[in-house]
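A short write-up of the structure that comes next.
Laboratory data are not the source of any read-out in this text; all were calculated from the coordinates shown. As the structure is a computational prediction, the values presented were derived from the model and not from experiment. Cβ coordinates were reconstructed from backbone atoms using ideal geometry, including for glycine residues, and neighbour counts include every protein chain displayed.
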Amino acid sequence: MSGKPRGERHIGLLNGFAAYGMWGLFPLYFPLLKPAGSAEVLAHRMAWSFLVVTLALVVVRRWKWAGELLRQPRKLALISVAAATIAVNWGVYIWAVNNERVVEASLGYFINPLVTIAMGVLLLKERLRPVQWAAVAVGAGAVVVLTVGYGRPPWISLVLAFSFATYGLVKKKVNLGGLESLAAETAIQFLPALGYLVWLGAHGDATIATEGPGHAALLAGTGLVTALPLVCFGAAAIRVPLSTLGLLQYLAPVFQFLLGITYFHEAMPPERWAGFSLVWLALSLLTWDALRTARRLRAETSRPSTTIATGTTSAVRNAESVASGPDPVEAKP
């Protein structure tokens with residue numbers, strides 16, 4: 001990445017800021033869709049996202065993957081699981097925003113890297129470094145503090161974090177490109193979403209035809225709002241280092257958190273500040289350890305040795321992936 005021209009790196013950074021900035025500003029968009037309920041908004045997002053992504057595939061003429069996917073039942077099953085988990089994630093996030101739980105929703109994306117690491121240990125038998133164990137322990141302590149503060153477990157945060165982490169785990173097993181994967185997932189979601197919208201219309205509860213053209217345009221815009229940040233992320237991912245993207249990923253929950261306390265005026269009593277502070281401490285430890293490990297391993301690969309090159313290069317990628325966070329198509333609420 002260091003060999004990229006300075007202009008290319010600047011373009012990459014601008015696209016990265018744009019992608020995570022748009023994801024961070026999502027809480028401003030969904031309230032505009034009222035009086036549509038959260039389930040109706042979710043159905044529109046599924047349906048319009050499929051149409052937008054399909055149009056994008058038509059433009060770039062990338063269809064070969066679809067025939068190959070249809071001949072692989074295991075991949076289709078995994079894609080179905082991914083479609084279900086991201087639908088849960090989207091639905092809970094939309095409900096949280098529309099019910100003034102933006103701060104709690106932002107917490108879900110703060111703790112997602114910690115949940116991802118914990119799932120790697122439990123499900124994939126991955127081994128952690130001491131600092132990573134410390135980060136996970138601090139994160140677990142934060143959830144306990146927040147449970148006491150809220151008087152209940154922060155279930156919105158936990159559902160968002162675990163659904164997102166599960167989605168990422170499944171997508172890594174599918175190993176399909178971001179645009180193609182989103183197309184496959186929304187294709188699975190499309191018919192149930194369309195069926196629900198038709199059912200709403202038949203019962204006179206659909207708002208797309210009753211609240212004026214502006215409301216209808218905003219509902220249709222959920223597809224563009226879903227796809228546009230992904231385009232910017234894709235432009236950033238090929239121009240800037242993974243470690244830089246790893247730092248940029250925290251912009252989205254930071255923006256959401258700030259919107260929650262400044263724009264939506266959600267309460268932040270001392271115990272919630274304490275819990276969030278522990279989460280931020282855990283993420284600081286995790287990011288510092290990942291960047292330190294990546295620098296050390298890159299230094300080892302630059303030495304004139306043939307015995308460590310392959311394994312160390314792989315380790316560099318793994319360390320940077322911890323810092324970089326989720327897959328391109330994953331990094332969205």
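Remind me, relative contact order of the chain in percent, using alpha carbon pairs under 8 angstrom and six or more residues apart? All intermediate terms of the calculation are to be shown ahead of the outcome.
Details: 418 pairs, mean separation 120.8, N = 333.
Once divided by the residue count of the chain, the mean separation gives 36 percent.
Determine, from the Cβ-Cβ distance of Arg152 and Lys64 and an R0 of 56 Å, the FRET efficiency 1/(1 + (r/R0)^6), rounded to the nearest 0.05. Could the numbers behind the result be given before it?
Working: r = 49 Å, r/R0 = 0.87.
The pair Arg152/Lys64 has a calculated efficiency of 0.70.
A 27 angstrom limit on the alpha carbon distance is what I want to check against. Which of Lys75/Lys125; Lys34/Lys173; Lys34/Lys171 exceed it? Before the final figure, lay out each step's value.
Working: Lys75/Lys125 22 Å; Lys34/Lys173 37 Å; Lys34/Lys171 32 Å.
Pairs exceeding 27 Å: Lys34/Lys173; Lys34/Lys171.
Just to be sure I follow: if Rg is taken over the C-alpha atoms of the chain and Rh is the Kirkwood radius over the same atoms, what is Rg/Rh?
That ratio is 0.98, to two decimals.
Taking 0.36 nm per residue of sequence separation and subtracting the Cα-Cα distance, how much length would be gained by fully extending the chain between Asn175 and Arg129, in nm to one decimal? Numbers along the way, then the final one.
Details: separation 46, 0.36 × 46 = 16.56 nm, distance 2.63 nm.
Taking 0.36 nm per residue and subtracting the Cα distance, the gain is 13.9 nm.
With r as the distance between the Cβ atoms of Ser277 and Leu51 and R0 = 56 Å, compute the FRET efficiency 1/(1 + (r/R0)^6) and round to 0.05. Could you put the intermediate results ahead of the total?
Values: r = 43 Å, r/R0 = 0.76.
Computed FRET efficiency for Leu51 and Ser277: 0.85.
For the chain, what is the charge dipole size about the Cα centre, in debye to the nearest 20, if Lys and Arg each add +1 at the Cβ and Asp and Glu each add -1 at the Cβ?
Working: 28 positive and 17 negative charges, 277 e Å.
Dipole about the Cα centre, nearest 20: 1340 debye.
Along the range 140-149, what does the Karplus equation 6.51 cos²θ - 1.76 cosθ + 1.60 (θ = phi - 60°) give for ³J(HN,Hα), rounded to whole Hz, x for Gly and Pro?
Whole-Hz 3J(HN,Hα) from phi for the range 140-149: 5, x, 4, 5, 5, 4, 5, 4, 5, x.
Indicate the gyration tensor shape class of the range 1-82 (rounded, prolate or oblate), computed on the Cα atoms with a ≥ b ≥ c the square roots of the eigenvalues: a/c under 1.5 is rounded; otherwise a/b larger than b/c is prolate and the rest oblate. Could the numbers behind the result be given before it?
On the way: a/c = 2.26, a/b = 1.07, b/c = 2.10.
Oblate, because a/c is 1.5 or more while a/b does not exceed b/c.
Using packing as a proxy for protection, rank 261-269, 278-286 so that the peptide with the highest average count of other Cβ atoms within 10 Å comes first.
Details: 261-269: 12.1, 278-286: 19.2.
Order by mean packing, descending: 278-286, 261-269.
Once you place label points 7 Å from the Cα toward the Cβ at Ala216 and Leu76, how far apart are they in nm?
Computed distance between label sites Ala216 and Leu76 equals 3.6 nm.
HN-Hα J couplings of the range 49-54 from phi, Karplus 6.51/-1.76/1.60, θ = phi - 60°, integer Hz, Gly and Pro as x?
Using θ = phi - 60°, the values come out as 4, 4, 5, 5, 5, 4 Hz.
How large is ³J(HN,Hα), in whole Hz, for each residue of the range 231-236 in order, when computed from phi with the Karplus curve 6.51 cos²θ - 1.76 cosθ + 1.60 and θ = phi - 60°, using x for Gly and Pro?
4, 5, 4, x, 5, 6
Using 0.36 nm per residue, how much length does the chain from Ile261 to Ala299 gain when fully extended, once their Cα-Cα distance is taken away?
Values: separation 38, 0.36 × 38 = 13.68 nm, distance 4.24 nm.
Gain in length upon complete extension: 9.4 nm.
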